[in-house]
Structure formats: C-alpha cells, structure tokens
1. Can you tell me what share of the DSSP beta bridges in segment 49-179 is antiparallel? A percent to the nearest 5 is fine.
2. Hey, rough spin-label estimate for ALA179 and LYS146, points 7 angstrom out along Cα→Cβ, what's it come to in nanometres?
3. Mind checking which lysines have their Cα closer than 30 Å to the Cα of LYS137? Skip sequence neighbours fewer than 8 apart in that chain.
4. Using the basic label-point model (7 angstrom from Cα toward the beta carbon), what is the HIS110 to LEU161 distance in nanometres?
5. When a/c reaches 1.5 or more, the comparison of a/b and b/c decides; with that in mind, is segment 49-179 rounded, prolate or oblate per its Cα gyration tensor?
Amino acid sequence: MPHDPNVRSPNVRCPNVRSPFRGPLRAAALAALFLSGAACAWAKPAPPVYVHMNGANEFLENVVAVRPGQPVVFVDEDTGAHTIVGYNPATGTTSKRFDGVVAGTPGPGHPVHTYTVRFRHPGLKYYYCSVHAELAKEPGGVTLPKKRPTVGGYGTPMDGLIIVTTDPHLLADNPATSAHRILPHFFGG
Ligand SMILES: [Cu+2]
C-alpha cells in the first residue's frame, strides 16, 4: 500500500494556570492566561474524525471537515473490502498518496480494518471506492464517481469529500457518528 501523506501534530506544552499577581493585575494576568490557554487548546492534537463503511456500499459520513494534520480514520464495518482513492474532479487523475484499502470484517466482536490519512494543507479532498464506483467524465468536463452497475447498494456512488480547514463553523458541522470509532449497528452485506 502506498504511504499516507502523514504529518505529525506539533507537541505543544501548555502553561500552568498560576499567577503571582493580586487585584486588578491578577485579573489581567488571568485573562492573558485564559487567552493563551484557549490558543493552547486549539493547538492540542485533535481527535480523529471517523468515516464508516457498511453493507450499503456507502461512506456513511460522506462529507467531513478536519483541521490540517488531524487524522481521518476510515473504518470498515462491512463484510466486504473497500478502497479509498483520492481523485481530482477537474482532471480525473487519481492520487498516489491518498490511496487506501480496507478489508471487511465478519461482524460485531471481530476486529475492524482501518485506513488513516492526514492532510497538511487546507483544501477539498475528494475520494471514492474503486470497488463500488468508477470515475466518469461528465459533458461539462468534470470527472465524477458513478455507481458501478454491477454493484449492490442504495444507488448512490460510493464516494465522499474531506474538507481540510481551520474554520470552526465547518469543523463543528461533522455528523455525530464521526466522533466514534465503532458504530453499534454493523450492517454486513
Ligand atoms: Cu466500496
């Protein structure tokens, strides 16, 4: 498997919230500490954002937002295998670095296979599963994944988008399931 475009999150030391000041100086010092504390919380390594696959042959959280360097972990809760392949809609070319494969699992109680990716810079990272979808050039010139005609599922192509951003509003919009590594309802198929 090609290696991930991984980057390591910086290791940040946070200040102790202790101040020798008294009175108004103390309040000002605490305010300054609060601000630096907020910046420190921002710089802490962010927890992974999880994208799950199940028997519907879809990425359940098909649009997620992450910070630069924050891991996106693809979790296969399906019995079948899937791939996660980055592509450029403008050119139709696929990525050699954003290119993963995950094996299936028999079901709850068995280990799941995962693929982790991180992106260094903000941007839109499109991907699809090459087992269950195929890239096709549209009349306007854009390339989009289509559901493979021979594949089961709900009719939508197996694809998704990772938004790499520092915008707190986008980051707060992730579906609730993306915070959990394992979802309780496996859906084999
Ligand atoms: Cu697939």
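1. Values: 25 of 34 bridges.
About 75 percent, rounded to the nearest 5.
2. 4.0 nm
3. Straight-line reach from LYS137, under 30 Å: LYS96, LYS125, LYS146, LYS147.
4. Taking the simple label geometry, HIS110 and LEU161 are separated by 3.4 nm.
5. Values: a/c = 1.69, a/b = 1.03, b/c = 1.64.
It comes out oblate by the Cα gyration axes.
We did not get these values from a lab; they are worked out from the coordinates using the rules stated. This is a predicted model, so every value here is computed, not measured. Here the Cβ is made from the backbone with ideal geometry for all residues, glycine too, and neighbour counts use every protein chain on show.
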